[in-house]
Amino acid sequence: MTSHDSSDLARVTARARSGAQGPGRTPSGVGRRGAVLNDDAEGLQIAGLTSLSTCDWPGRLVATVFLQGCPWSCTYCHNPELIDPRTPGVVPWAQVRGLLSRRVGLLDGLVFSGGEPTRQPMLGSAMREVKEAGFGVGLHTSGAYPRRLASVLGLVDWVGLDIKAPADLYEAITGVGRSAQAAFESLRLVLDAGVPVQVRTTVDPTVLDEEDVARLVRVLRHLGVQDHVRQEVRTLGTTPEYQEALAAARA
Ligand code: SF4
């Protein structure tokens with residue numbers, strides 16, 4: 001995810017929705033557990049591809065793939081089309097591979113974003129292929145699947161991790177119980193692994209007030225986070241109900 005607030009994401013999703021990147025395809029092996037590093041990257045459900053981004057990995061020139069499916073349903077999600085795991089991908093992995101082969105020496109790396117990239121069992125195979133081609137591997141994640149994250153962390157050069165709220169307010173944003181446990185466990189894993197990480201918090205004023213944000217900042221500092229970025233909610237792509245709630249919260 002972008003983080004999930006990548007400036008490129010809305011444009012990419014619009015292309016994906018229109019099918020402009022290629023024919024729909026149904027991946028093999030989606031939903032299987034414990035196969036993160038053994039499946040072939042061809043099965044990735046890719047909703048969109050940005051061939052050049054300067055913001056998805058700070059300081060790097062990258063391409064970004066947006067992987068379909070997310071187990072959460074955040075209040076402010078501005079790409080709800082990426083949530084449904086049953087939606088077929090529209091970009092073949094071969095297209096990503098082809099792009100990278102033409103950009104050797106021009107791109108620093110590939111960022112896997114979403115949706116929630118760690119949902120897909122083929123992620124590790126794809127990351128390994130990217131590394132073997134000489135590119136860096138970036139990952140945007142909400143931390144929804146700590147065990148799957150742990151299984152690919154050794155292949156990742158940089159993580160953009162969304163930490164959305166203090167633990168007691170997490171469910172109010174994601175709509176899913178125990179999402180806080182997953183996210184903070186993922187943060188612990190990344191910090192312990194020593195992988196460079198930028199923690200991002202999109203502040204939802206319908207749930208968080210400034211004291212909540214200050215509380216979260218203290219927690220993150222205590223955990224050892226050194227790079228924390230606050231992001232403001234954008235209304236583009238959000239539901240009319242959320243836009244109404246946001247306007248009321250900001251009034
Ligand atoms: S539902 Fe939440 S975690 Fe999932 S893609 Fe949307 S903003 Fe990201």
Task: Among (1) within 14 Å of the ligand (Cβ to nearest atom); (2) charged (D, E, K, R); (3) more than 15 Å from Gln198 (Cβ to Cβ); (4) buried (at least 18 other Cβ atoms within 10 Å of the Cβ), the one test that Lys164 misses - done: (3)
Task: Top-ranked residue in the stretch 138-155 [being under 23 Å from Thr202 (Cα atoms) and either free of Cβ contacts under 8 Å to residues at least 40 places away in the same chain or aromatic (Phe, Trp, Tyr) (or both); ranked as nearest to the ligand (Cβ to nearest atom)] - done: Tyr145
Task: Top-ranked residue of the stretch 226-251 - restricted to ones that are assigned to a loop (DSSP other than H, G, I, E, B) and among the small types (Gly, Ala, Ser), ranked as nearest to the chain's Cα centre (by Cα) - done: Gly237
- [ ] Could you tell me whether any residue of the stretch 57-66 is within 16 Å of the ligand (Cβ to nearest atom), closer than 24 Å to Gly143 by Cβ, of a type in the set (S, T, N, Q) and out of contact with any helix residue (DSSP H, G or I) (no Cβ under 7 Å at 6 or more places or on another chain)?
- [x] yes
Task: Among (1) under 29 Å from Gly136 (Cβ atoms); (2) within 18 Å of the chain's Cα centre (by Cα), the one test that Val217 misses - done: (2)
Task: Subset of the stretch 170-186 [part of a helix (DSSP H, G or I) and more than 14 Å from the ligand (Cβ to nearest atom)] - done: Gln181, Phe184, Glu185
Open item on the list: Restricting to the stretch 216-249, name every residue that is surrounded by 15 or more Cβ atoms within 10 Å (Cβ to Cβ), in contact with a helix residue (DSSP H, G or I) (Cβ under 9 Å, 6 or more places away or on another chain) and of a type outside the set (A, V, I, L, M).
Closed with: His228, Gly237, Thr238
- [ ] Please state which one of Ala165, Ala94 is of a type in the set (A, V, I, L, M, F, W, C), over 15 Å from the mean Cα position of the chain (by Cα) and in a helix (DSSP H, G or I).
- [x] Ala94
- [ ] With the checklist (1) assigned to a loop (DSSP other than H, G, I, E, B); (2) free of Cβ contacts under 8 Å to residues at least 60 places away in the same chain; (3) farther than 19 Å from Gln231 by Cα; (4) within 13 Å of the ligand (Cβ to nearest atom) in hand, flag the one item Gly134 doesn't pass.
- [x] (4)
Open item on the list: Condition check: assigned to a strand (DSSP E or B) and touching a residue at least 60 places away in the same chain (Cβ under 8 Å). Does Thr206 satisfy that?
Closed with: no
- [ ] Please work out if Arg128 is away from the ligand (no atom under 16 Å from the Cβ), free of Cβ contacts under 8 Å to residues at least 40 places away in the same chain and in a helix (DSSP H, G or I).
- [x] no
- [ ] Taking Thr2 as the residue in question, decide whether it is at pLDDT 95 or above, of a type in the set (Ser, Thr, Tyr) and within 13 Å of the chain's Cα centre (by Cα).
- [x] no
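The values are calculated or read from the model by the stated rules, or taken from the named source; none is laboratory data. Bear in mind the structure is a predicted one, so any value in this text is a computation, not a measurement. Here the Cβ is made from the backbone with ideal geometry for all residues, glycine too, and neighbour counts use every protein chain on show.
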